[in-house]
Amino acid sequence: MKILLGILLFFWTDIISGQESIQLPLLKKQLDSMALIDKKTGQDVRYGKIEDRDSLRAIVRETYIRNTAFAKQIFQEYGYPNYDKVGKESEKNFWLCVQHSDHDISFQQDVLKEMKKEVKRKKATASNFASLTDRVNINLGKPQVYGTQVTYDESRTAVPEPIIRPKQVNKRRKSIGLEPLEDYLAFATEAHRKMNPVE
């Protein structure tokens with residue numbers, strides 16, 4: 001019985017400590033809901049009927065704009081929602097909404113500055129910082145740093161947007177925890193072709 005109570009106490013303590021490590025549980029729920037809607041509208045476009053895609057894309061744009069407004073309020077009130085504030089998954093969900101805020105580049109830039117500090121403290125996801133860095137650069141008409149942003153050619157093959165000093169890109173990618181660019185492009189190509197089969 002003592003052993004059983006000890007095991008239960010261990011797991012209960014672990015659960016309590018896990019709950020206490022998240023400072024803003026209500027904010028976590030809000031971010032999770034925002035990301036869920038973001039992902040759902042994107043999936044509707046990818047898997048919906050071709051004749052419905054224009055209207056579905058309009059819904060996606062509306063979702064991005066609405067989520068950006070919420071994300072800006074969150075950022076102004078709480079700063080960057082790092083691991084301590086909302087946990088790892090919800091931190092990623094905040095990043096996702098910012099990543100899709102291309103209509104508000106200044107907001108993306110503001111978040112990027114704070115995210116950089118959190119990555120250095122190991123309180124935010126480094127690979128997502130790389131993606132947002134590239135996204136901002138592309139939106140500003142500059143070459144990307146890590147090669148995370150791609151387009152697709154006529155053969156539906158992933159092609160990276162322009163990269164600064166491309167011969168050194170894999171070194172930069174490795175430094176932030178990303179796979180080699182060649183592997184990333186192969187994965188992106190395969191995923192794109194599965195979602196967009198030849199008719």
Residue count for region 150-159, restricted to those that are more than 24 Å from Val119 (Cα to Cα) and either touching a residue at least 24 places away in the same chain (Cβ under 8 Å) or open to solvent by 80 Å² or more (accessible area, probe 1.4 Å) (or both): 6
The lone exception for Arg193 - which of (1) touching a Lys or Arg at 6+ places or on another chain (Cβ under 9 Å); (2) open to solvent by less than 60 Å² (accessible area, probe 1.4 Å); (3) not in a loop (DSSP other than H, G, I, E, B) it fails: (2)
Region 171-185, subset surrounded by 12 or more Cβ atoms within 10 Å (Cβ to Cβ) and free of Cβ contacts under 8 Å to residues at least 12 places away in the same chain, residue nearest to the chain's Cα centre (by Cα): Glu179
Close pairs from region 57-82: first open to solvent by less than 80 Å² (accessible area, probe 1.4 Å), partner not in a helix (DSSP H, G or I), Cβ under 6 Å, at least 6 apart: Tyr64/His100; Thr68/Ser101; Thr68/Asp104; Asn82/Lys123; Asn82/Ala124
Number of positions in region 131-162 that are of a type outside the set (Phe, Trp, Tyr) and assigned to a loop (DSSP other than H, G, I, E, B): 15
Residue within region 24-33 that is in a helix (DSSP H, G or I), modelled with pLDDT under 95 and not hydroxyl-bearing (Ser, Thr, Tyr) present: no
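Given the options Lys85, Lys40, name the one that is under 25 Å from the mean Cα position of the chain (by Cα) and either modelled with pLDDT of 90 or more or under 20 Å from Thr125 (Cα atoms) (or both).
Lys85
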Arg165 being open to solvent by 30 Å² or more (accessible area, probe 1.4 Å), charged (D, E, K, R) and either on the phi > 0 side of the Ramachandran plot or touching a Phe, Trp or Tyr at 6+ places or on another chain (Cβ under 6 Å) (or both): yes
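The values are calculated or read from the model by the stated rules, or taken from the named source; none is laboratory data. Not measured: the values here are computed from a predicted model. Every residue, glycine among them, receives a Cβ derived from its backbone with ideal geometry; neighbour counts consider all protein chains shown. We work out accessible area using only protein heavy atoms, side chains counted, and drop any ligands, DNA or RNA first. Shrake-Rupley method; radii C 1.70, N 1.55, O 1.52, S 1.80 Å.
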